[in-house]
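S.K.: Once you've had a glance at the structure underneath, I'll fire off some questions.
The values are calculated or read from the model by the stated rules, or taken from the named source; none is laboratory data. Quick caveat: nothing in here was measured; it's all calculated off a predicted structure. Glycine gets a Cβ as well: all are built from the backbone with ideal geometry, and neighbour counts include every protein chain shown.
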Amino acid sequence: MGTTMTHTARAELTHVVRRRYGAASGAEKRKILDEFIAATGYHEKSAIRALNAKPTTKRRQTRSRPSLYDEAAGAVLIVLWEASDRVCGKRLRALLPILLPALERNGHLHLGEAMRQKILAMSASTIDRLLRVPRSATRLKKARRAMPAARRRVPVRTFADWNEPPPGSMEMDLVAHCGDANCGSYVNSLVMTDIASGWTEAAPLVVRESGLVVETLDCIRQALLFALRALDVDNGSEFVNESLIKYCLSQGIELTRSRPWRKNDQAWIEQKNGAVVRKLLGYRRFQGIAAAQVITRLYGAARLFVNFFQPSFKLAEKHRQGAQVSKRYHPPQTPCERLLQAENLSETAKAKLREVAGALDPLKLLEEIRAVQAHLVTLADGGHLPSTMPEPPDLAGFVASLSSAWRAGEIRPTFSVEAKPRYLRSLQTVALPVGAQTPKNAAAAATVIQPLVQTPPAISPKPILKRPQLIYAEPGKPVYRAFTMIWPLVCRRLEGFPNITSAQLFDELCVQFPGRFHPKHVNRLAKLVKQWRQDARARGVMIPRPKYRRFSNNPRGRGRTMQSCTAHWSEMLQWMEEHPDQTAAELLVEFQARYPGLYNRSHLRTLRRRLQIWRREAIQRLICGMQDHTQDVSSAAAV
């Protein structure tokens with residue numbers, strides 16, 4: 001046969017042509033047969049027999065030879081596997097010549113000669129095959145976590161993959177300002193640092209949300225003096241998501257991520273988190289839009305001070321000899337100096353850097369940083385300050401205080417040992433010098449420090465608002481034991497009105513006991529009411545069907561819900577301004593207590609939607625204010 005068609009392809013072609021050949025006429029059959037012979041290379045008689053034959057189904061080949069090892073051999077093998085402490089097949093195969101005689105010698109096992117030879121002749125693969133069922137029954141099955149689709153799209157970059165990148169390759173991270181309690185909503189700082197120069201940018205986020213991260217990143221990118229080429233983030237969902245991936249693709253930014261639980265992959269940004277952000281803001285808790293606005297002004301001044309007047313080290317090489325590691329660094333330089341020496345940066349950007357650097361006053365920037373820090377500390381400790389930031393004090397007094405400010409010890413208002421986490425409080429202790437304890441030195445220090453910051457009045461720390469506790473719930477079982485103590489009250493209510501719905505009954509309980517129930521409890525209450533009605537019918541109690549009102553002029557559904565919320569919306573806005581981190585459920589509980597019988601669970605959806613719109617508008621106002629402030633700082637620096 002002069003054809004290169006494989007046997008499988010020839011069989012498939014025969015199966016396809018057979019139907020057309022059987023339904024064709026004499027002349028058509030001749031034509032089909034010639035084409036089939038030319039394609040397959042069959043002899044004419046072989047082709048006719050193949051096309052006229054009936055299709056046969058291929059049967060699966062079964063093993064005709066019986067297995068050498070029966071159930072008795074498998075039972076003996078299981079005993080030996082357990083005696084070896086459940087080792088793998090390869091290790092058990094090597095152990096059998098030692099383990100089997102030891103068990104027989106001590107009288108633990110008695111085997112015939114034929115069975116003994118079978119056990120010793122087993123291979124490692126045979127042992128694994130016979131032990132597949134008992135091993136699968138004893139193995140702990142850990143559920144494998146599926147990697148999100150967005151994380152699979154972002155490649156991994158380690159700390160060794162940068163290879164001296166040009167300016168514009170940056171790492172990004174979030175710093176949480178939650179204080180000692182990681183609960184509720186609080187301000188986060190979005191920090192970015194350039195690998196080549198150490199240029200650092202920071203901006204506050206009112207909430208930790210992916211859309212806000214993209215908007216803030218776009219604001220920072222437009223303010224940079226160099227193009228953003230690459231961006232490396234961690235594996236948090238606020239970074240690795242479709243919104244950020246789509247933004248980076250549209251702007252031509254290479255997006256990568258670090259390995260999970262490997263902070264050294266982002267060593268540059270982790271160093272800036274402590275040396276810049278924690279040094280400026282400390283470890284206090286900041287929450288709300290007012291705190292984010294003050295932090296925006298702080299970062300506006302710190303951005304120029306850190307990048308133009310704060311030299312930093314850059315690692316040149318590292319050698320390891322045994323346990324000893326030796327490092328060599330380049331001479332310290334500011335990020336501005338490194339950008340001016342970069343070959344990949346345009347001359348236009350370098351000229352703008354020189355122009356901004358020539359117009360800056362480092363003491364004026366430092367004075368503004370100290371004043372804003374004092375304002376921020378007062379706000380974090382519970383003080384009520386005016387919405388507008390006061391202008392910084394006279395620069396002459398600040399300059400005069402520099403020569404003796406060291407006598408007061410730590411001078412940054414945001415620094416506090418008590419505000420640090422417990423594992424960091426013992427690392428540094430603030431104490432005045434011995435000579436400063438005298439009244440004369442204390443008065444001099446107070447006189448020197450007075451032009452620097454105005455000491456706020458002593459204000460007791462503001463307690464963190466927590467969600468209402470379920471006092472009827474047992475620990476670990478809040479849903480199933482919430483109605484244990486009040487069930488007699490519920491039964492009396494059902495006996496008086498047996499056709500009341502579980503939703504109406506739950507609303508009445510929420511009004512009577514505000515803040516003590518969760519919306520999830522309504523499902524449990526419905527089951528309990530259903531069981532009570534079944535028992536009542538068994539006792540002979542007649543429960544009428546619920547009556548629904550018809551043709552009523554009173555508003556129902558979402559229209560009634562909207563009218564109730566609209567009537568008190570101004571009061572709700574005032575409450576949210578005072579408690580910006582509260583949820584819609586907590587807002588509903590608050591107004592159920594203020595207006596009993598007016599609000600119920602049907603208002604929760606409307607409140608969630610309205611609060612979402614309110615928070616989005618507040619965040620947009622904050623971003624616009626941050627952009628205006630950045631433009632004002634840049635124009636002031638240029639002047």
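S.K.: Does any residue in the range 530-544 that is without any contact (Cβ under 8 Å) to a residue 24 or more places away in the chain come within less than 8 Å, Cβ to Cβ, of a residue that is in a loop (DSSP other than H, G, I, E, B) and not acidic (Asp, Glu) six or more places away or on a different chain, and which pairs are these?
M.R.: ARG537/ILE543
S.K.: If I ask for residues that are of a type outside the set (S, T, N, Q) and not in a helix (DSSP H, G or I), which ones from the range 23-37 would you list? Before you say what the answer is, go through the steps one by one.
M.R.: Pass one, the range 23-37, residues of a type outside the set (S, T, N, Q): 23-24, 26-37.
Selection gives ALA24 alone.
S.K.: Scan the range 323-342 for residues that are in contact (Cβ under 8 Å) with a residue 24 or more places away in the chain and either surrounded by fewer than 10 Cβ atoms within 10 Å (Cβ to Cβ) or part of a loop (DSSP other than H, G, I, E, B) (or both) and jot them down.
M.R.: Listed by number, the residues that qualify are THR334, ALA342.
S.K.: Here's another thing I want to ask about it. Are any residues in the range 589-623 modelled with pLDDT of 80 or more, within 15 Å of LEU573 (Cβ to Cβ), of a type in the set (A, V, I, L, M) and surrounded by 13 or more Cβ atoms within 10 Å (Cβ to Cβ), and if so, which ones?
M.R.: LEU607, LEU611
S.K.: May I pose another question? Considering only residues of the range 509-534 that are in a helix (DSSP H, G or I) and within 15 Å of HIS603 (Cβ to Cβ), which is farthest from the chain's Cα centre (by Cα)?
M.R.: Taking the range 509-534 as the starting set, the residues that turn out to be in a helix (DSSP H, G or I) are 509-512, 521-534.
Now drop any that are not within 15 Å of HIS603 (Cβ to Cβ), which leaves 510-511, 522.
On the way: CYS510: 33, VAL511: 36, VAL522: 30 Å.
Out of the qualifying residues, it is VAL511.
S.K.: OK, next. With respect to ALA291, is the statement that it is among the aliphatic types (A, V, I, L, M) and either loosely packed, with under 12 Cβ neighbours inside 10 Å or at pLDDT 90 or above (or both) true?
M.R.: On the way: among the aliphatic types (A, V, I, L, M): yes; either loosely packed, with under 12 Cβ neighbours inside 10 Å or at pLDDT 90 or above (or both): no.
For ALA291, the condition - among the aliphatic types (A, V, I, L, M) and either loosely packed, with under 12 Cβ neighbours inside 10 Å or at pLDDT 90 or above (or both) - is not met.
S.K.: Also, I was wondering about something else. Which of the residues belonging to the range 115-162 are exposed (fewer than 15 other Cβ atoms within 10 Å of the Cβ) and among the polar types (S, T, N, Q)?
M.R.: GLN117, SER123, SER125, SER136, THR138, THR158
S.K.: Of all residues in the range 535-566 being modelled with pLDDT of 75 or more and in a helix (DSSP H, G or I), which is surrounded by the most Cβ atoms within 10 Å (Cβ to Cβ)?
M.R.: ALA536
S.K.: Quick one: is THR378 in a helix (DSSP H, G or I), among the β-branched types (Val, Ile, Thr) and assigned by TED's automatic domain parsing to the domain that holds GLY168? Let's see the steps before the verdict.
M.R.: On the way: in a helix (DSSP H, G or I): yes; among the β-branched types (Val, Ile, Thr): yes; assigned by TED's automatic domain parsing to the domain that holds GLY168: no.
When the stated conditions are applied, THR378 does not pass them.
S.K.: Here is a further query. Have a look at VAL325, VAL356, VAL377 and point out the one that is more than 37 Å from the chain's Cα centre (by Cα) and among the aliphatic types (A, V, I, L, M). Break it down stepwise before answering.
M.R.: Working: VAL325 fails: more than 37 Å from the chain's Cα centre (by Cα); VAL377 fails: more than 37 Å from the chain's Cα centre (by Cα).
VAL356 is the lone residue from the list that is more than 37 Å from the chain's Cα centre (by Cα) and among the aliphatic types (A, V, I, L, M).
S.K.: While we're here: Out of all the residues in the range 305-322, which are in a helix (DSSP H, G or I) and surrounded by fewer than 22 Cβ atoms within 10 Å (Cβ to Cβ)?
M.R.: Result: PHE305, PHE308, PHE309.
S.K.: Can you find even one residue in the range 262-271 that is part of a loop (DSSP other than H, G, I, E, B) and surrounded by 18 or more Cβ atoms within 10 Å (Cβ to Cβ)? Let's see the steps before the verdict.
M.R.: Our first condition is that a residue be part of a loop (DSSP other than H, G, I, E, B); within the range 262-271, this holds for 262.
Then drop every residue that is not surrounded by 18 or more Cβ atoms within 10 Å (Cβ to Cβ), which leaves none.
Looking for residues that are part of a loop (DSSP other than H, G, I, E, B) and surrounded by 18 or more Cβ atoms within 10 Å (Cβ to Cβ), one finds none in the range 262-271, hence no.
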